[in-house]
Amino acid sequence: MRADDTPLIRLEDYRPSDWLIDTVDLDINLHPQKTQVRALLGLRPNPAGRLGAPLILDGDELSLSGLRLDGLLIDESAYSATAQALTLHAPPQRRFTLTIDTQVDPSANTKLMGLYRSSRVYCTQCEADGFRRISYFLDRPDVMSIYSVRLEAAKLEAPVLLSNGNLVAAGEMAGGERHFAVWHDPHPKPAYLFALVGGALDHVRQDYVTADGRKVELAVHVEPGKAGRAGWAMDCLVRCMRWDERVFGRNYDLDVFNVVAVSDFNMGAMENKGLNIFNDKYVLADPQTATDGDYASIEAIIAHEYFHNWTGNRITCRDWFQLCLKEGLTVFRDQEFSADERSRPVKRIADVRTLRSTQFSEDAGPLAHPVRPRAYKEINNFYTPTVYEKGAEVIRMLKLLVGDDAFRAGMDLYFDRCDGTAATIEEFLACFAETSGKDLTQFARWYEQAGTPTIVASGRYDAAARTYTLDLAQTTAPTPGQPDKQPVVLPVALGLVGKAGDLPLVTGSAAYAGDGVIVLDQPSLSVAFSDVDEPPIPSLLRGFSAPARLELDLADADLLRLFSADSDSFNRWQALQSVASRALVSAGRSPGGHNALIATAGELAEALAGFLRVQAPADPAFAAQVLRLPVPADIAREIGRDVDPDAIHAAHRSLAAEIGLRLRPHLMELRERLGTSAAYRPDAASAGRRALRNEALGLIALADPEAGARLAEAQFAAADNLTDRLAALAAMTLVPGDAREALIARFAKTYAAEPLVLDKWLMAQALIAEAGTLDRVKGLMQHPAFSLGNPNRVRALIGGFAANLTQFNRPDGEGYAFVADMVVALDRTNPQVASRLLGSFKSWRMLEPARKALAEQKLAMVAQTPGLSRDVADIAERALA
Ligand code: 0A1
Ligand code: ZN
């Protein structure tokens, strides 16, 4: 498949389906290679569709083994069937049923879309268009049906049989070898939310009563022997269910809620109605095999999938262009949940870090697209940071602009009005326009326009007039297909910081929305504040109130004052990041400016010394974020062109090392103070202490490799949890030599039976910033822990390497060659995993000329490979355009 042969699907071409499917009765006989699927569809013409249109059902690699209309065989001339479609040329213009028989081979399904087997467990993945790999169907989200599903399987092979909805019958077949289960889901849903699971699974269970009194049986199913690792996921599930009742007034709506963990999964997890299927990495946790980061991710993803029950399932998307309707909103909801469960400022900082490193870089390169794309060739390539993370930022801005009360009222209205439907962004926004009385026409541009806006800000203080005037301007650079940008609505939360804290904000400006927020919706504007008794330092974009770059030329001294005096925690953190970022950008642009870096390290260390002594112990999680420098990829993006990854890496290392050197006694003391003999607990406070200790360890190791190695070895030996062990390993990877190799070997031995832990081990090695890493990675592909067939293994080792700034971008181009070869190899079995890996090339255009040419060559090699999947061809084509 070449991408340019593939039709472009356009939002403007949307039209309702000509046919509707009210009911789906599935009878599925599970067999490892020959699963029989019988689908009985209750069809009728759609009054909103074209009268007399043929019925064209989607298929993908299917073959038809039987077809009946209202129970009767049909003449062969009345239909045609290919692997991609089943067409009824002149269907009756009334209600009728179709009985469709297909046979599928779950064991041969390496794409992990449709019905497949993961470690002997049958499972499905139907979003976005996997149902058509199981049976012919109107596989589009605006066709919603009531499903009844009968599953039959060998009892020994699949004692557990699950599908969506409630269990209505179960029993044994004659002879006792096979058994069945019948599930009924009373809520209409699109095919992408269908799921089944069959296998030998252990579980944990818990009863739950919803706020409106429904008794629900919750269960988390895992591979045999792993039930001891399912408790945290269950705990998260119960907490997020309560939270959704309290914060959004949403109750669960079935008698059971099942979560299943499988080990082969293309993405993080999937919100199938009443039967969420997870990548086991986001379910299984105990202190020995999961880090604090894993515990937090599990909490977020369990919540995310559960929250989809209302934002995604009860109200789904009319078409895939509206993907952000469910994803952006649900990410916003899961971020808010985690913020309430943990530290709100720390969660915000972590989310903004992710946004900048993933979404800002997407927006700055050839794969940039709007939150609601206008056209696509392969929808699976649009499950992106832009749709998810920027989509969540848009909801966050909406809330800030309309206010908490109108936001909650708007959500209530949306749930009332759109329940049971497949909705659009327009319908969603209309609810908030109504409850707030605000015109959201310009705000809607956030969904249409790609690119990260830059806000250029400057301020003037007039001592005689006691006024402070803030000038703000916005621009957005062109992105593919959008050369001319319009101004967007940017809520700029701000404060004016004086000697004794925030000064009162007195202004008559129409742009001032109150509550410390200026709305910048013009190309530029000025806001004059009066009664300003002293020259203030502006603190702009507090809480990161809009997903924008801020250019504000503050002196380091002013930024350092913000770090110590700003009332907004996010901007305290941001102030130090800005100081570091400016120095790194300048050193990364013109290597050799070592003295300037040293001077910055001195400033930062001085500011941090007092902070570490006095404030850090009171809020270690925040302090850990403060100690962490901006990531090199962010520096590369700020530099923007002719990027030399080695120069950025060198600058980053030396700034961190210099800071570590100066702060070493403080860091050692802090590590002592934060050390605890108490047993591991995953709560946010304990995790924060570990994060700070380990951040300190990393800085010490960079400043003094020998001392770092000794500390790391001791920490590894003494640790009772994976977080501390992995941090020790990461610190050791900074220091070449026998001790490192010994620890790497010891780690592998300790966790030989733990694939998810070995993924971290693979990744830690793939990230080593040394010329030997490529050979190491190639060697690790032969390690028994690695398999090209498992997405988690591939993401850990090969994805890890592709994220290694200096080694992926090796000057000889061998990094690009390796990743491109892997993309081509993986594409033969799993196009989704391959196309995501190819996304690693997304920033190639900003590289210096030599690397740029090498990267382009490899992208072109991929693009020209015969027989490419649509997924990979689409990314290659857009990356090169
Ligand atoms: N809707 C899921 C994400 C998801 C998307 C596609 C998948 O398979 C190709 C799987 C999962 C979520 O947002 O969690
Ligand atoms: Zn989602």
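The values are calculated or read from the model by the stated rules, or taken from the named source; none is laboratory data. No experiment lies behind these values; they were computed from the predicted model shown. With ideal geometry, Cβ positions are generated from the backbone for all residues, glycine too; neighbour counts draw on all protein chains shown.
Look at the stretch 106-127 and say how many of its residues are more than 22 Å from Arg318 (Cβ to Cβ), within 16 Å of ligand 1 (Cβ to nearest atom) and in a strand (DSSP E or B).
6
When you scan the stretch 21-89 for strands (runs of 3 or more DSSP E) that lie fully inside it, which ones turn up with 3 or more residues that are more than 26 Å from Gly165 (Cα to Cα)?
Those strands (runs of 3 or more DSSP E) span 64-69, 79-81, 85-88.
Looking at (1) charged (D, E, K, R); (2) touching a strand residue (DSSP E or B) at 6+ places or on another chain (Cβ under 7 Å); (3) within 26 Å of Pro791 (Cα to Cα); (4) away from ligand 1 (no atom under 16 Å from the Cβ), which is the one condition that is false for Arg95?
Unmet condition: (3).
I'd like to check something: does the stretch 844-852 contain any residue that is over 26 Å from the mean Cα position of the chain (by Cα) and buried (at least 21 other Cβ atoms within 10 Å of the Cβ)?
Yes, that holds for at least one residue.
From the list Leu520, Leu550, which residue is under 35 Å from the mean Cα position of the chain (by Cα) and surrounded by fewer than 19 Cβ atoms within 10 Å (Cβ to Cβ)?
Leu550
Looking at this structure, is Val833 in a helix (DSSP H, G or I), within 13 Å of Val872 (Cβ to Cβ) and within 16 Å of ligand 1 (Cβ to nearest atom)? Working first, answer last.
Working: in a helix (DSSP H, G or I): yes; within 13 Å of Val872 (Cβ to Cβ): yes; within 16 Å of ligand 1 (Cβ to nearest atom): yes.
So Val833 fits the description; yes.
If you check Asp351 against the conditions, is it within 16 Å of ligand 2 (Cβ to nearest atom), at pLDDT 95 or above, in contact with a Ser or Thr (Cβ under 9 Å, 6 or more places away or on another chain) and acidic (Asp, Glu)?
Taking the combined requirement at face value, the residue satisfies it.
Quickly run through the stretch 265-282 and pick out the residues that are in contact with a His (Cβ under 9 Å, 6 or more places away or on another chain) and away from ligand 2 (no atom under 14 Å from the Cβ).
The answer is Gly274, and nothing else.
State yes or no: is Val346 among the aliphatic types (A, V, I, L, M) and within 13 Å of ligand 2 (Cβ to nearest atom)?
no
Against the conditions (1) part of a loop (DSSP other than H, G, I, E, B); (2) of a type in the set (S, T, N, Q); (3) closer than 30 Å to Gln832 by Cβ, where does Gln93 fall short? Just the number, please.
(3)
Scan Gly49, Gly66 and give me the residue that is among the small types (Gly, Ala, Ser), free of Cβ contacts under 8 Å to residues at least 40 places away in the same chain and in contact with a Phe, Trp or Tyr (Cβ under 8 Å, 6 or more places away or on another chain).
Just one listed residue meets the conditions, Gly49.
Does the stretch 279-301 hold any residues that are in contact with a strand residue (DSSP E or B) (Cβ under 9 Å, 6 or more places away or on another chain) and either within 11 Å of ligand 1 (Cβ to nearest atom) or part of a loop (DSSP other than H, G, I, E, B) (or both), and which are they?
Asn279, Tyr282, Val283, Leu284, Ile301 - these are the residues of the stretch 279-301 that are in contact with a strand residue (DSSP E or B) (Cβ under 9 Å, 6 or more places away or on another chain) and either within 11 Å of ligand 1 (Cβ to nearest atom) or part of a loop (DSSP other than H, G, I, E, B) (or both).
Return the only residue of Lys438, Lys390 being part of a loop (DSSP other than H, G, I, E, B) and in contact with a helix residue (DSSP H, G or I) (Cβ under 7 Å, 6 or more places away or on another chain).
Lys438
Ala863 is checked against (1) closer than 30 Å to Phe265 by Cβ; (2) surrounded by fewer than 19 Cβ atoms within 10 Å (Cβ to Cβ) and fails just one. What number does that condition carry?
It is condition (2) that Ala863 fails.
Do you know which residues across the stretch 604-645 are among the small types (Gly, Ala, Ser) and at positive phi?
Gly640
Please pick out the residue among Val168, Val197, Val182, Val220 that is in contact with a helix residue (DSSP H, G or I) (Cβ under 8 Å, 6 or more places away or on another chain) and not in a loop (DSSP other than H, G, I, E, B).
Val220
Quick check: anything in the stretch 128-138 more than 16 Å from ligand 1 (Cβ to nearest atom) and at positive phi? Step through it out loud before you land on a result.
Within the stretch 128-138, the first condition is being more than 16 Å from ligand 1 (Cβ to nearest atom), and the residues that meet it are 135-138.
Filter again for at positive phi, leaving none.
Among the residues of the stretch 128-138, not one is more than 16 Å from ligand 1 (Cβ to nearest atom) and at positive phi, which makes the answer no.
For residues that are at pLDDT below 95 and of a type in the set (Gly, Ala, Ser), scanning just the stretch 568-607, find the one that is surrounded by the fewest Cβ atoms within 10 Å (Cβ to Cβ).
For the stretch 568-607, the residue satisfying everything is Gly592.
I'd like to verify a number: residues in the stretch 296-307 that are buried (at least 23 other Cβ atoms within 10 Å of the Cβ) and in contact (Cβ under 8 Å) with a residue 60 or more places away in the chain, how many?
6
Going by the structure shown, is Asp75 surrounded by fewer than 19 Cβ atoms within 10 Å (Cβ to Cβ), outside the structural domain of Leu788 (by the TED database), more than 22 Å from Tyr192 (Cβ to Cβ) and without any contact (Cβ under 8 Å) to a residue 24 or more places away in the chain?
Yes: the conditions hold for Asp75.
Residues of the stretch 308-323 being assigned to a helix (DSSP H, G or I), surrounded by 24 or more Cβ atoms within 10 Å (Cβ to Cβ) and more than 10 Å from ligand 2 (Cβ to nearest atom), which ones? Steps first, answer last, please.
Applying the first criterion (assigned to a helix (DSSP H, G or I)) to the stretch 308-323 yields 320-323.
Among the residues that remain, those that are also surrounded by 24 or more Cβ atoms within 10 Å (Cβ to Cβ) are: 321-323.
Phe321, Gln322 - these are the residues of the stretch 308-323 that are assigned to a helix (DSSP H, G or I), surrounded by 24 or more Cβ atoms within 10 Å (Cβ to Cβ) and more than 10 Å from ligand 2 (Cβ to nearest atom).
I'd like to verify a number: residues in the stretch 259-278 that are more than 9 Å from ligand 1 (Cβ to nearest atom) and surrounded by fewer than 24 Cβ atoms within 10 Å (Cβ to Cβ), how many?
Going through the stretch 259-278 one residue at a time, the tally reaches 2.
When you look at Cys236, is it touching a residue at least 24 places away in the same chain (Cβ under 8 Å), surrounded by 24 or more Cβ atoms within 10 Å (Cβ to Cβ) and within 15 Å of ligand 2 (Cβ to nearest atom), yes or no?
No.
Residue by residue, here is whether (1) under 24 Å from Pro345 (Cβ atoms); (2) of a type outside the set (Val, Ile, Thr) holds:
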position: Tyr461; (1), (2): no, yes
position: Arg466; (1), (2): no, yes
position: Pro483; (1), (2): no, yes
position: Val488; (1), (2): no, no
position: Leu494; (1), (2): yes, yes
position: Gly516; (1), (2): yes, yes
position: Pro523; (1), (2): no, yes
position: Ser539; (1), (2): yes, yes
position: Ala546; (1), (2): yes, yes
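Name the residue that is surrounded by the most Cβ atoms within 10 Å (Cβ to Cβ), counting only residues in the stretch 496-517 that are within 20 Å of Gln574 (Cα to Cα) and of a type outside the set (A, V, I, L, M).
Step by step, filter the stretch 496-517, then rank; the result is Gly516.
May I ask you to list pairs of residues, at least six apart or on different chains, whose Cβ atoms are under 7 Å apart, with the first in the stretch 840-861 being in the same structural domain as Phe808 (by the TED database) and within 16 Å of Ala803 (Cα to Cα) and the second being of a type in the set (Ser, Thr, Tyr) and assigned to a helix (DSSP H, G or I)?
Lys842/Ser361; Ser843/Ser361; Ala855/Tyr816
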